[in-house]
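Okay, structure first, notes after.
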Amino acid sequence: MSDSGVKAAFAELKDEYEENGFVKRNCHQLTHVIGRAADRYGDVPTTHSRGDNFCASGYYHGAIESVVARVEADKIVKIVDEADTICADLRGDQTRSVYHYSRAHGLGHGFMAVLEYDLLESLKACGALTEDEWEDRRCSSGVFMEILMQDRPGHPSRYLKADQPLYPSGEVEDKYKTVCYQRHARYALEVRGNDFAKVLELCATAEDDFRSACYYGLGSNAFHQSIDDGATYAVRTESTKRLCMLGQDREARSSCVAGAVGQIISHYESDTQAKALCESFSARLRAVCLENGEKIYKGLYDRPFGS
């Protein structure tokens, strides 16, 4: 794919985004596809230099998937030794930046593909990365996301159970449970007819230390549903707020709001829409929203929320 090919693909995607419901709902996955195709540039810096953060940086995730897929899968140690160098140039001035996040997350997707979608082996690969637990956790988010992406009619994932939508969150190591509960909130919505009230009740049954993670994941999905609910930012803000307010207690509502503001920042790469959501709440939830928005935005873009 040429440089103009990447630009053309994004131009077409952006043109279709507001008019095509399928594109809007699957935008992140579609940018994964562009990233995988762009991997033919042959090296990570060149591929990344052609990229676009549109739809939560899926381009970069897909590009790293393809890089890992080229690694010989004879031994997990070999995979980790080679894949670990992919993030090495970011472990300095760009540590924990949006680009660092994208590479670590993409590694999780790639590990799953190379290791034949073995969840435990893929998590083991994430855990062997040389950076601290931050990189491990972002890598694991790619692993759990890949489970959902690979679940298709006629080819169900062995790690998903319709009668236990939060599985395998309770079975993995504690350090991976937060990410697993966050990601599997989406699957719970799918199998429960997109009924937020029912899934909020399901999240309430999660382990005490990780219940808020499930609510947080629902907040992320509240924003994604809002995209279908309305074309304007104002409508999307009201839709996201309404869904989070279905929570029956403070923990549920606060964690949902935190998840929503984080996803909005990631999706738009801006704090404008996130601030609008925060300002729509009364004092206590506004403070929760702003606090989480500040933390996420500062971490990704190294500048204050509202700057």
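The values are calculated or read from the model by the stated rules, or taken from the named source; none is laboratory data. Not measured: the values here are computed from a predicted model. Backbone-built Cβ (ideal geometry, glycine too); neighbour counts: all protein chains shown.
Looking at TYR181, TYR167, TYR233, which one is under 20 Å from HIS105 (Cβ atoms), out of contact with any His (no Cβ under 7 Å at 6 or more places or on another chain) and aromatic (Phe, Trp, Tyr)?
TYR181
Please go through region 166-184 and give me each residue that is part of a loop (DSSP other than H, G, I, E, B) and touching a residue at least 40 places away in the same chain (Cβ under 8 Å), ordered by number.
LEU166, PRO168, SER169, VAL172, GLU173 - these are the residues of region 166-184 that are part of a loop (DSSP other than H, G, I, E, B) and touching a residue at least 40 places away in the same chain (Cβ under 8 Å).
Just a yes or no: is a residue in region 191-207 touching a residue at least 12 places away in the same chain (Cβ under 8 Å), in contact with a Phe, Trp or Tyr (Cβ under 8 Å, 6 or more places away or on another chain) and not in a loop (DSSP other than H, G, I, E, B)?
Yes, the conditions are met somewhere in region 191-207.
Before we move on, is THR232 buried (at least 19 other Cβ atoms within 10 Å of the Cβ), among the hydroxyl-bearing types (Ser, Thr, Tyr) and either over 18 Å from GLN182 (Cβ atoms) or assigned by TED's automatic domain parsing to the domain that holds TYR60 (or both)?
no
Quick one: in region 120-135, of everything that is within 13 Å of ARG103 (Cβ to Cβ) and of a type in the set (Asp, Glu), which residue is farthest from the chain's Cα centre (by Cα)?
So, considering only residues that are within 13 Å of ARG103 (Cβ to Cβ) and of a type in the set (Asp, Glu), the one farthest from the chain's Cα centre (by Cα) is GLU131.
Which ones in region 119-165 are touching a residue at least 60 places away in the same chain (Cβ under 8 Å) and surrounded by fewer than 22 Cβ atoms within 10 Å (Cβ to Cβ)? Reasoning before the result, please.
So in region 119-165, the residues touching a residue at least 60 places away in the same chain (Cβ under 8 Å) come out as 142, 149.
Within region 119-165, MET149 is the sole residue that qualifies.
List the pairs whose first member sits in region 85-114 and is of a type in the set (Lys, Arg), whose second member is part of a helix (DSSP H, G or I) and buried (at least 24 other Cβ atoms within 10 Å of the Cβ), and whose Cβ atoms are under 8 Å apart, counting only residues at least 6 apart or on separate chains?
ARG103/TYR60; ARG103/ILE64; ARG103/CYS87
If you take the residues of region 257-271 that are out of contact with any Leu (no Cβ under 9 Å at 6 or more places or on another chain) and in contact (Cβ under 8 Å) with a residue 24 or more places away in the chain, which of them is farthest from THR31 (Cα to Cα)? Spell out how you get there, then give the answer.
Here is the first cut: in region 257-271, the residues out of contact with any Leu (no Cβ under 9 Å at 6 or more places or on another chain) are 258, 262-263, 267-268, 270-271.
Applying the additional criterion that residues be in contact (Cβ under 8 Å) with a residue 24 or more places away in the chain yields 258, 262-263, 267, 271.
Working: ALA258: 25, GLY262: 19, GLN263: 16, HIS267: 12, ASP271: 22 Å.
That would be ALA258.
Kindly list the number of the only condition in (1) in the same structural domain as ALA274 (by TED's automatic domain parsing); (2) assigned to a loop (DSSP other than H, G, I, E, B) that fails for PHE223.
(2)
Go through the residues of region 249-267 one by one and say whether even a single one is surrounded by fewer than 19 Cβ atoms within 10 Å (Cβ to Cβ), modelled with pLDDT of 95 or more and assigned to a helix (DSSP H, G or I).
The answer is yes, given that some residue of region 249-267 is surrounded by fewer than 19 Cβ atoms within 10 Å (Cβ to Cβ), modelled with pLDDT of 95 or more and assigned to a helix (DSSP H, G or I).
Determine, yes or no, whether VAL288 is β-branched (Val, Ile, Thr) and under 22 Å from MET145 (Cα atoms).
Numbers: β-branched (Val, Ile, Thr): yes; under 22 Å from MET145 (Cα atoms): no.
For VAL288, the condition - β-branched (Val, Ile, Thr) and under 22 Å from MET145 (Cα atoms) - is not met.
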